[in-house]
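Notes to accompany the following structure.
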Amino acid sequence: MARSKIKRIGILTGGGDCPGLNAVIRGVTKPALDYGLKVIGIVDGFEGLVSGKAIELYNKDVSGILAAGGTILGSSNKGDPFHWPEEVNGKVKIFDRSKEALKNYEAWQLDAIIAIGGDGTMHISNKLSEMGMNIVGVPKTIDNDLQATDQTFGHDSAVYVVSEALDRLHTTASAHHRVMVIETMGRYAGWIALNGGLAGGADIILIPEIPFDWNVVYERVLHRNMIGKRFSLVCVAEGAKPMDGEMVMKRKDVKRTDPIVLGGIGEIIAKRISDNTGLETRYTVLGHLQRGGSPTPYDRILSTKFGTNAIQLAMKKQFGRMVALKGCEIKSVSIADAISKQKLVRHSDQAVLAASAVGVSFGTKNL
Ligand code: F6P
């Protein structure tokens, strides 16, 4: 029989980590303990829910973690209960272990789980909700590609890293009269490259949503050289692709919820620029630097607001919902709606228009 008030709450961090996860855990746990709830930290995301790994969280566990990167609970992007990879006779086989997840949820007597994660985590949360678990979602990802929220936490911290890296590359590019290509993360969305490139003064920004023309890229760096600006900064998203080509895949990993791992376009672009313009070119792949370290003040604030609002939703039994930033307010949306569409950059987005207005090239003549 359903209890009238919630008494035990689970919390997990799923998928790739990002700055701000600990701030959310703190934002959920501190008020939950004040309300007299027991807080069960599920270890390594959904992996812990399936395999029964959890720890009780006390005030001391969440004290002093606001500024800490990573997650005190651990995370995994291979622990999807509905897509559980196991090696059988040297081959990876996929199993459905969602019933074990439900069993642990019941054994731990959880009234709800606060699931902190990106679209993968929200997809899993939606399916677990359909099986009868009470879930409240918190949108995390450096990629910022969740449609239902104006911003995910973690994105601002990643943008900060890109912007700082561009500032550093700027000085060395200028000293050596080089073209510097920087590759960012972001999967199928260009938000990190767009916002990071805009903040760091990139001359060319290449994103998946705006396939680029090689000749426009060559012409732009040559033109800059001709007018005496003897260096260029090219900020490229890992999912960027030329008009006549495909995204560059680094590897395929069937154990992951999304098996495609992107990466490598930065190196290709640097080589093609060098071969076709004769300009000395170097590339830098920022990789996981964008996911590590301390959250920016913006992300600390957003994460705290998300966490404290998520526990409020759980107290009000508003399950199957995800907290979301709408303008300056924290609202909630249904998890099902949140995963219905990916948020991609549109040509009409203000950041694209502002970048174009200050002379940034998106590698195309048809913007
Ligand atoms: O979704 C976050 C993200 O960092 C993407 O930007 C990137 O493509 C992917 O995760 C990298 O995953 P992993 O850490 O498993 O290499």
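Derivation of every value follows stated rules applied to the coordinates shown; laboratory data play no part. Note that the structure is predicted; figures quoted are calculated from it, not measured. Using ideal geometry, Cβ is built from the backbone for each residue, glycine included, and neighbour counts are taken over all protein chains shown.
Taking amide hydrogens as placed 1.01 Å from N in the peptide plane, the amide H of LEU262 sits under 5 Å from those of LYS250, each at least 5 positions away in sequence or on another chain.
With Cα atoms as the point set, the radius of gyration and Dmax of the chain evaluate to 22.0, 76 Å.
Ranking GLY293, ILE268, TYR283 by Cα position along the charge dipole of the range 262-302, where only Lys, Arg, Asp and Glu carry charges on their C-beta atoms, puts GLY293 farthest toward the positive end.
Coupling constants for the range 35-51 follow from the phi torsions by the Karplus curve (6.51 cos²θ - 1.76 cosθ + 1.60, θ = phi - 60°), and in residue order they are 6, x, 7, 8, 10, 9, x, 8, 8, 6, x, 5, 4, x, 5, 6, 8 Hz; glycine and proline get x. Packing around the peptides 212-222, 186-196, taken as the average count of other Cβ atoms within 10 Å per residue, puts them in this order, highest first: 186-196, 212-222. Taking amide H as placed 1.01 Å from N in the peptide plane, the amide H of THR184 sits under 5 Å from that of VAL236, ALA237, GLU238, each at least 5 places away or on another chain. Computed 3J(HN,Hα) for the range 20-30, one whole-Hz value per residue from the Karplus formula 6.51 cos²θ - 1.76 cosθ + 1.60 where θ = phi - 60°, is x, 4, 5, 5, 5, 4, 5, x, 7, 6, 4, glycine and proline marked x. The range 286-337 and the range 116-163 have Cα centres lying 8 Å from one another.
Rounded to a whole number of µm²/s, how large is the Stokes-Einstein D of the range 293-367 at 25 °C and 0.890 mPa s, given Rh as the Kirkwood radius over C-alpha pairs?
This corresponds to a translational diffusion coefficient of 160 µm²/s.
For the residue pairs LYS78/LYS127; LYS60/LYS326; LYS140/LYS343; LYS7/LYS78, alpha carbon separations beyond 21 Å are given by LYS60/LYS326; LYS7/LYS78.
Using alpha carbons only, how many degrees (0 to 90, rounded to 10) separate the axis of helix 155-176 from the longest principal axis of the chain? Approximately 20 degrees, to the nearest ten.
If you average the sequence gap of Cα pairs under 8 Å that are 6 or more apart and divide by the length of the chain, what percent do you get for the contact order? Please report the intermediate quantities before stating the final value.
Working: 854 pairs, mean separation 80.7, N = 367.
RCO, the chain: 22 percent.
Arrange the peptides 30-38, 125-133 so that the one whose residues have, on average, the most other Cβ atoms within 10 Å appears first.
Put in order of decreasing packing, that is 125-133, 30-38.
Compactness check for the range 129-231: Cα Rg over 2.2 N^0.38 Å is 1.39.
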